[in-house]
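Single-structure report; data block below.
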Ligand SMILES: Nc1ncnc2c1ncn2[C@@H]1O[C@H](COP(=O)(O)OP(=O)(O)OP(=O)(O)O)[C@@H](O)[C@H]1O
Ligand SMILES: [Mg+2]
């Protein structure tokens, strides 16, 4: 008797995996009280993917992003990056992985006393890039996000959308192949929000940057290749566009 296994290859079978989350849980302790932020989430992110994560406040979106970005360790379950189980990696190896990831937060997290170009230069200073090269790279990045004429403005001298673009330039200046955004448009008016998302989509499409975005905006969700709905720490539904 021969056993025939039927399996249809999908596009994803040919794409390298950036990260694989298997049955992740995360429980925070608030004193004696456990808070179950993730209750068993499995997800694979492929190279060049564009994933939108939606879900109500408190459903575990930011917790999930922190796991994807290797910023935090799960309570149980495994995270595999480049075929390596993250729990077996040293802090130095984890730092190397994070260097390849750009993070953008809703609140921008810019340093107020530094001008735009110095904010963008920060990751390069940390990486030990010489001053001249740093300046040049930061300036090019600010031009790409459309802020070539604002490089010496401090955050307080920029609009909300401009600040977010500085944050994006900073996230991208180190040439990451992976961009993680936690409600990047949450503090922006809808027009500016759309512009920021256009920029992110362009980077995904033209430069093949892998993009994972948490958003409350269903319109942004619709543009993603994959949409994940979280509820109470679980994936409620997944949709592939
Ligand atoms: N450091 C922490 N300590 C204790 N509880 C936490 C911690 N961080 C998050 N939580 C709890 O875990 C749950 C998930 O939080 P998370 O920040 O992931 O939600 P979220 O979906 O990003 O929400 P929002 O849309 O409001 O940003 C929430 O109930 C939250 O109160
Ligand atoms: Mg959040």
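Here are some notes:
- Calculated mean residue ellipticity at 222 nm for the chain: -10000 deg cm²/dmol, from DSSP H runs with n ≥ 4 weighted as -39500 (n - 2.57), summed, divided by the residue count and rounded to 500.
- Binning all Cα-Cα separations of the stretch 1-109 at 10 Å, short to long from zero, yields these whole-percent fractions: 12, 38, 33, 12, 5, 1, 0.
- Efficiency of FRET between residue 198 and residue 13 - r from beta-carbon atoms, R0 30 angstrom, step 0.05: 0.50
- Sorting 60-70, 139-149, 162-172 by their mean Cβ neighbour count within 10 Å, with the most densely packed peptide first, gives 162-172, 60-70, 139-149.
- Whole-Å semi-axes of the ellipsoid equivalent to the stretch 172-220 (Cα gyration tensor, √5λ, descending): 19, 11, 10
- Under the simplified labelling scheme, the residue 156-residue 83 pair shows an inter-label distance of 5.3 nm, with each label point 7 Å from Cα along Cα→Cβ.
- Residue-span extension gain [residue 92 to residue 239] - 0.36 nm each, minus C-alpha spacing: 49.4 nm
- Point-to-point label distance, residue 57-residue 133, nm (Cα→Cβ direction, 7 Å offset): 4.5
- Each of 229, 216 was scored by other Cβ atoms within 10 Å of its Cβ. Listed from fewest to most, they are 216, 229.
- Placing a label point 7 Å from the Cα of residue 72 along the Cα-to-Cβ direction, the residues of the stretch 205-234 whose backbone N falls under 14 Å from that point are 233-234.
- Share of pairwise Cα-Cα distances greater than 32 Å in the chain is 24 percent (whole percent).
- FRET E, pair residue 177, residue 32, Förster distance 51 Å, beta-carbon r, rounded to 0.05: 0.75
- Per residue, the convex hull spanned by the Cα atoms of the stretch 136-241 amounts to 113 cubic angstrom.
- Residues residue 191 and residue 99, FRET efficiency given R0 of 41 Å [Cβ-Cβ distance, rounded to 0.05]: 0.80
- Whole-Å distance, taken between Cα centres, linking the stretch 177-241 and the stretch 99-156: 22
- Working from Cα pairs under 8 Å separated by at least six residues, relative contact order for the chain is 27 percent.
- With Cα atoms, 0 to 90° folded angle of helix 131-144 axis to the chain main axis: 70
- Overall shape of the stretch 59-168 was characterised from the C-alpha gyration tensor. The equivalent ellipsoid obtained from it has semi-axes of 31, 17, 10 Å, in decreasing order.
- Modelled spin labels at residue 143 and residue 219, positioned 7 Å past Cα toward Cβ, are 3.1 nm from each other.
Computed from the coordinates by the stated procedures, all read-outs in this text should not be read as laboratory data. Keep in mind it's a predicted model, so treat the numbers as computed, not measured. Every residue, glycine as well, gets a Cβ built from its backbone with ideal geometry; the counts of neighbours run over all protein chains shown.
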